[in-house]
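The values are calculated or read from the model by the stated rules, or taken from the named source; none is laboratory data. Every value quoted in this text rests on a predicted model; they were computed, and no experiment measured them. Glycine gets a Cβ as well: all are built from the backbone with ideal geometry, and neighbour counts include every protein chain shown.
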């Protein structure tokens, strides 16, 4: 633990080479937190919008196998239309939510989908419906199927996986549901981009994406260190993995993931290597 703490602290202030964030600075009202930076190099540019209205606090994170994730903040009330614009135009069919809408007295994420089948979520030109609440194979994970359409276009399904019990700035006690949920999200996405968010979109979210990234990088090159992984994650989503506890949890999840692949453990429901 002391060694991990030392290496994390040593690289805590790491910055990518392409460290500009002009769009982030110009769109301060759209940022949930003043101290969480969305870098220009990998930011998601909203399609179908003019250049002065194409910003959302979100970054592309691309895995070694080219699977794409979008790491983003929990939408604000003012950015709900932007959020669904991104989901719809990028063809995201899986959303992974790693926070609650409200934690204690603090809003962590604006409500962006209806909670019952009788409701219709109206977000500008987008209409969102809850089609089904499914039984989840993983402890603590909720699984919903949403339907989204824009104006008179054809609707499509979006799978919504949520793990609301991941404490902010720290980590769950059990890595199994998180590791299995990551593989399940990939299975459901079928190659389409996966959107992952918590509140800030850099701690819980980037740690989640980091599991997939780290496992792939280590498969490619067994000499890759977790410090290398941390830097490569931060090159895509600056400030990824917020604290030492999340860094240690990333280690644990990677070990857990390889244990499933090796057959030492059995993942609930299924395991897609």
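State yes or no: is residue 205 in contact with a strand residue (DSSP E or B) (Cβ under 9 Å, 6 or more places away or on another chain), assigned to a helix (DSSP H, G or I) and modelled with pLDDT of 90 or more? Spelling it out, residue 205 is indeed in contact with a strand residue (DSSP E or B) (Cβ under 9 Å, 6 or more places away or on another chain), assigned to a helix (DSSP H, G or I) and modelled with pLDDT of 90 or more. Residues in the stretch 96-108 that are on the phi < 0 side of the Ramachandran plot and out of contact with any helix residue (DSSP H, G or I) (no Cβ under 7 Å at 6 or more places or on another chain): 97, 100, 101, 102, 103, 105, 106, 107, 108. Could you identify the single residue in 61, 86 that is in a strand (DSSP E or B) and either on the phi > 0 side of the Ramachandran plot or touching a residue at least 40 places away in the same chain (Cβ under 8 Å) (or both)? Testing whether each residue is in a strand (DSSP E or B) and either on the phi > 0 side of the Ramachandran plot or touching a residue at least 40 places away in the same chain (Cβ under 8 Å) (or both) leaves just 61.
Residues are listed down the side, and each one gets a yes or a no for (1) farther than 24 Å from residue 235 by Cα; (2) in a loop (DSSP other than H, G, I, E, B); (3) at pLDDT below 95:
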| residue | (1), (2), (3) |
| --- | --- |
| 138 | yes, yes, yes |
| 147 | yes, no, no |
| 153 | yes, yes, yes |
| 170 | no, yes, yes |
| 174 | yes, yes, yes |
| 177 | yes, no, yes |
| 185 | no, no, no |
| 188 | yes, no, no |
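In this entry, residue 150 passes the filter for residues that are more than 20 Å from the chain's Cα centre (by Cα), surrounded by 14 or more Cβ atoms within 10 Å (Cβ to Cβ) and in contact (Cβ under 8 Å) with a residue 60 or more places away in the chain.
The single condition from (1) surrounded by fewer than 16 Cβ atoms within 10 Å (Cβ to Cβ); (2) at pLDDT 95 or above; (3) assigned to a loop (DSSP other than H, G, I, E, B) that residue 78 fails is (3).
On the stretch given as the stretch 23-52, residues that are farther than 19 Å from residue 200 by Cα and loosely packed, with under 11 Cβ neighbours inside 10 Å total 4.
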